[in-house]
Amino acid sequence: MNKGYLLVFSTAIISGFSIFINKFGVSVVNPYIFTWLKNLTVALLLTGIFLALKDWKTLKKLTKKQWFLLVTIGLVGGSIPFLLFFKGLSLTTASQGAFWHKTMFIYVAFLATIFLKEKIDKKFLFGGFLLILGNLFLLKKLPLSFNQGDFLVFLATLFWAIENTISKYVLRDLQGKTVAWGRMFFGTLFIFIFLLISGQLSLLSDLNLFQINWVIITSITLFAYVMTWYSGLKFVPVSQATAILLLGSSITTFLSLIFEKKISFPEISSGILIIFGIVFVIGLKKSWELIKEVKKLVYVRT
């Protein structure tokens, strides 16, 4: 079980780095083209892994229901929410968009309770309260307004919550890399259809070497993200896993301090609240076990 938590925590760390890097990449490439190229690159890498390990037999053994669920994961997780999210961000502030996105663990917990029969205890509720409070510190004010952009980001977050719940269900029988491949492969196909219909594919011819380099760099972090996330999610309750992902914002804040030399008191307070919130969500005993596990890994490597 600890292996699953270590993988999910790795995902959160990767997410923190990815958010920091992606804000530079998306500023130099059309966001839809940027997302499609990243997804395509990761889909090709995962396909390469299946070929190298001769795991195509795994895909051949999938039932029609499992194929349908993988296609659904690609649609509701790897395509539609990205399009909604980027459009929403163009219509609202980055801080408000980030706030609504970070509420995903709430909807996942609700869905997991109903459809996966996961138990939500008082410690999780208190930890969830600290996580929301930490997000409000970053926002610096209550989100009193709710415009069209906020709605689109909120809708994208709901789609991702549904996708993670379905993925957790599918992972009962499939490997993490298989679910990751389905999400990226079919997500890429659906975004391609969108770009084709909207006439944006022609923008590919305008890409220069500098932009392509950013696509490659961010694709590496996305590949690491999906591989650790779905492999870890197989062994961790999805309600806890999505809450752990909020650690990514603290990592991003830390990177901003190192490379941009700027950090505010609310950001420090937010990081502390998020860390304590995650500790309560997964439990004090489990948190201590993970700390000891990390110490062992560090000791072995040194």
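The values are calculated or read from the model by the stated rules, or taken from the named source; none is laboratory data. Quick caveat, the model's predicted, so the values are computed rather than measured. Because the Cβ atoms are built from the backbone with ideal geometry, glycine has one as well, and the counts that use them run over all protein chains shown.
Structure above, values below:
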| quantity | calculated |
| --- | --- |
| Qualifying positions in region 251-280 - among the β-branched types (Val, Ile, Thr), modelled with pLDDT of 80 or more and closer than 17 Å to residue 136 by Cβ | 268, 272, 274, 275, 278 |
| Qualifying positions in region 49-79 - part of a helix (DSSP H, G or I) and among the charged types (D, E, K, R) | 57, 60, 64, 65 |
| Single unsatisfied condition, residue 65 versus (1) within 22 Å of the chain's Cα centre (by Cα); (2) modelled with pLDDT of 95 or more; (3) surrounded by fewer than 22 Cβ atoms within 10 Å (Cβ to Cβ) | (1) |
| Enumeration of residues in region 85-134 that are surrounded by 14 or more Cβ atoms within 10 Å (Cβ to Cβ), closer than 20 Å to residue 280 by Cα and of a type in the set (D, E, K, R) | 102, 118, 123 |
| Filter result for residue 41 (touching a Ser or Thr at 6+ places or on another chain (Cβ under 7 Å), polar (S, T, N, Q) and not in a loop (DSSP other than H, G, I, E, B)) | yes |
| Elements of type helices (runs of 4 or more DSSP H) contained in region 175-292, each with 1 or more residues being of a type in the set (Phe, Trp, Tyr) | 176-198, 209-233, 247-260, 265-282 |
| Scope region 35-58; condition farther than 15 Å from residue 189 by Cβ and in contact with a Leu (Cβ under 9 Å, 6 or more places away or on another chain); matching residues | 50, 58 |
| Which listed residue, of 223, 185, 254, is under 23 Å from residue 101 (Cα atoms), surrounded by 20 or more Cβ atoms within 10 Å (Cβ to Cβ) and in contact (Cβ under 8 Å) with a residue 12 or more places away in the chain | 223 |
